[in-house]
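Heads up, the thing below is written out as structure tokens.
Here, each number is a calculation from the coordinates, and none is a lab measurement. Just so it is clear, the structure is predicted and the values come from calculations on it, not from any experiment. Cβ atoms come from the backbone with ideal geometry, glycine included; neighbour counts cover every protein chain shown.
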Amino acid sequence: MEQQYIDLYKAHRGMIKEHAAAVMNASRDEAFARFARLGFPTTKIENYKYTELKPSLEVDYGLNFRRLDFPVDPYQAFQCDVPGIDSFLYFVVNDGFYPETDDRNKELPEGVIICSMKEASEKYPELVATYYGKQSGKKDDGLVAFNGAFAQDGFFMYVPKNVELPRPVQLINIMRSDVDFMANSHDLIIIEENAKAQLLVCDHTQDDVRFLANRVTEVFVGEYATYDHYKLENTHNRMTNLMTLLIDQQASSNVISNVITLHNGVTRNTIEVALNGKHCETEVCGMVIADKNQTVDNFTSVLHNMPECHSDELFKYVLDDVSKGAFTGRLFVEKDAQKTRAYQTNRNILLHPSAKMRTKPQLEIFADDVKCSHGATIGQLDDNALFYMRSRGIPYNEARLLLMNAFMADVLEYIRIFALRDRMKMLVEKRLRGELSKCEGCVICQ
Amino acid sequence: MLVIKNLHANIDGKEILKGLSLTINKGEIHAIMGPNGSGKSTLSSVITGHPAFEVTHGTIEFNGTDLLELAPEERANEGIFLSFQYPVEIPGVSMVNFMRSAINEQRKYRNEPAISATDFLRLMREKKELVEMDSKLTNRAVNEGFSGGEKKKNEIFQMAMLEPKLAILDETDSGLDIDALRIVANGVNKLKSPENATVVITHYQRLLDYITPDFVHVLYDGKIVKSGGKELALELEARGYDWIKQEVEA
Ligand SMILES: Nc1ncnc2c1ncn2[C@@H]1O[C@H](COP(=O)(O)OP(=O)(O)OP(=O)(O)O)[C@@H](O)[C@H]1O
Ligand SMILES: [Mg+2]
């Protein structure tokens, strides 16, 4: 499996670099060497033991090293599930930043930069070089290394010191191809000191072929800055979605990350939040609704590297049919990170006896003055509550729906864009009713 | 209205109801008393269709329909209501959502349009006043963190909202202080009409001082072993159940 890509890289190294953002080339060979050493992760590797990626990686995908445009105008063709959110709107088609942006994006505050990695590294090479790879470059992870070797472009966002974005930014990733296709992209998000920004990333699939996306997103959040990262996946079940989200928080920063998998094929999200200054606050959340043979694996790490930080983690899953879920909650507290407060909760409901959930808290605490708690449950819907509701005339299916919506409600509380929260409530309800794949137009399911 | 004939019911293969018969007509109030574990709550569960109980014998007819053929929600929408001995907490489901769903399902069942937002709010307000229920409670999740007495009051509130034809109150008086007892009993009396019927399951005469039963039944070991007028309740209060047990075993 790996050999094919190793050969590909060696044969096309020049072409890959020629069409890539210059800054990304600097560490490309090094990333390739790491990939050649590590290979793709298998279930033998501790951090990947719950999810078998082999069937997804074996597919013979096309790649687009030459960066040819795909014939699509997303502004015309695409209706996202989250319309009506007043946002600065951008599209990435496969791994290419779509250039025609909305007129309203001209209203971005002065100094804010949103563009492709390629453009950013041409216009602001120093800025990009200061941050690119600072988190991902150290990871001993086959997927991240692969991304470092093959990703040529991505989404770039820079919010300078003291600037607050008046609206959320929405980035829509669309997978569009007539043949089985792989996309690699590397996003870089820089929120400087005391700045404030919210980003909503939506992942979609447009065509009925097999897709694989391997995306790495590095986020740097400066002192006293506030950042929200919402990620919503609504893709079809021939999609393999591999995401690595790395967040570096400086002192007194405040971050919410909320990763929501509404509909998918095979998904692996690696989320790592490093608290690298005192008094950071972070909320790491997510939800999964899966059925049929969907697979979702959220691997999370919260690293308390400095004292007096506060982290809250909440992940919830509802799994039906033969779907598979996995959650790992790694919580690391450095020796000197005294007065850490860290809380973690993972709750799961299995609607069908064939659905499977694996959950694993992984606590590595080296400081002594800390408040930490964690809890994980796997259960069914409460039969007594169901009967109670039915005895009031509410039919079985409606009663189940009320319970499932209630179960997910607290994850949605961790959305600080109210219009998005309302919209998500509706999408979650639709999904739980089994209506989402039929009505939203962008999901093609078998 | 409700005709139960020779009812046998099991849970986990264990027979709890062992040939119970009971007839209730509209306009009547029946009290069911009996020692702990005799099957009173089981009877309510079987009438409302709790899936854990299996009916092995006998029939239950409600206004001419075979109740045992209906799902719990259909029985509710036919007009049967149970005030639970142990009301269930449902975290995350708000009282408002819960009641609106219940009301609208009932209306759907009757081919009526969904209730408007203003009518619903008016109905909630009216019924809250009837049972002197605090708005703090209706603004919360169903029964979540309610005290024992508040849960019981909430049952009567729901009953007032749904206006059932047959209401079964399973120890609704247990855990109520004197004031709450009076409020609950008043609520029940105000909702009483010649068209509906009430079954009161209780251990205590004190509730029956407020809600006067037309009939009092003793349920013992899965059967109704004695029936009488309201004076039977006074006699049970004075003498306990031993004499009944002796009568049955003789
Ligand atoms: N889920 C169950 N599994 C096994 N046995 C049960 C179950 N539920 C009830 N029983 C048994 O059925 C019998 C009747 O119980 P039930 O709750 O109907 O009594 P009750 O008359 O309502 O008593 P109380 O006055 O204490 O409320 C008891 O012996 C009880 O232990
Ligand atoms: Mg009982």
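The figures follow:
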read-out	value
Cα gyration tensor category, rounded, prolate or oblate, for the range A:1-57 with a/c compared to 1.5	prolate
Spatial separation of Cα centroids for the range A:342-418 and the range B:123-180, in angstrom	28
Among beta bridges that DSSP assigns inside the protein assembly as shown, antiparallel share in %, nearest 5	15
The range A:2-384, relative contact order [Cα under 8 Å, separation at least 6], %	11
Residue with peak Gaussian network fluctuation, chain A [Cα springs, cutoff 10 Å], from A:Glu164, A:Glu46, A:Glu18	A:Glu46
Given charges at Cβ of Lys, Arg, Asp, Glu: the range A:2-384 dipole, positive-most of A:Ile6, A:Ile256, A:Ala22	A:Ile6
Computed E for A:Lys278/B:Leu123 - FRET, C-beta separation, R0 51 angstrom, nearest 0.05	0.40
Residue with peak Gaussian network fluctuation, chain A [Cα springs, cutoff 10 Å], from A:Asp369, A:Asp141, A:Asp291	A:Asp369
Convex hull per residue volume in Å³, alpha carbons only, for chain A	137
Residues B:Ser227 and B:Arg182, FRET efficiency given R0 of 35 Å [Cβ-Cβ distance, rounded to 0.05]	0.80
Gyration tensor (alpha-carbon) shape descriptor, the range A:217-365, a/c threshold 1.5	prolate
Label point distance in nm, B:Thr65-B:Glu15, each placed 7 Å from Cα along Cα→Cβ	3.0
Trypsin sites (Lys or Arg not before Pro) restricted to the range A:21-125 and DSSP loop, no more than 13 other C-beta within 10 Å	A:Lys44, A:Arg66
Listed residues B:Val200, B:Val225, B:Val88, most fluctuating in chain B (Gaussian network, C-alpha, under 10 Å)	B:Val88
Inter-label distance for A:Gln338 and A:Thr42, nm, one decimal - labels placed 7 Å from Cα along Cα-to-Cβ	4.7
Average Cα contact separation per residue, chain B, under 8 Å, 6 or more apart, as relative contact order %	28
Label-point separation, A:Val59 to A:Gln3 (7 Å along Cα→Cβ), nm	2.3
In order through the range B:203-218: 3J(HN,Hα) via Karplus (6.51 cos²θ - 1.76 cosθ + 1.60), integer Hz, x for Gly, Pro	9, 10, 4, 4, 5, 6, 5, 8, 10, 7, x, 7, 9, 10, 10, 10
Contour minus Cα-Cα distance for A:Tyr124 and A:Phe418 (0.36 nm per residue)	102.4 nm
Interatomic Cα distance distribution for chain B, bins of 10 angstrom, percent	7, 30, 36, 21, 5, 0, 0
Hz values of 3J(HN,Hα) by residue in the range A:23-32 - Karplus curve (6.51, -1.76, 1.60), Gly and Pro given as x	4, 6, 6, 4, 10, 5, 5, 5, 5, 4
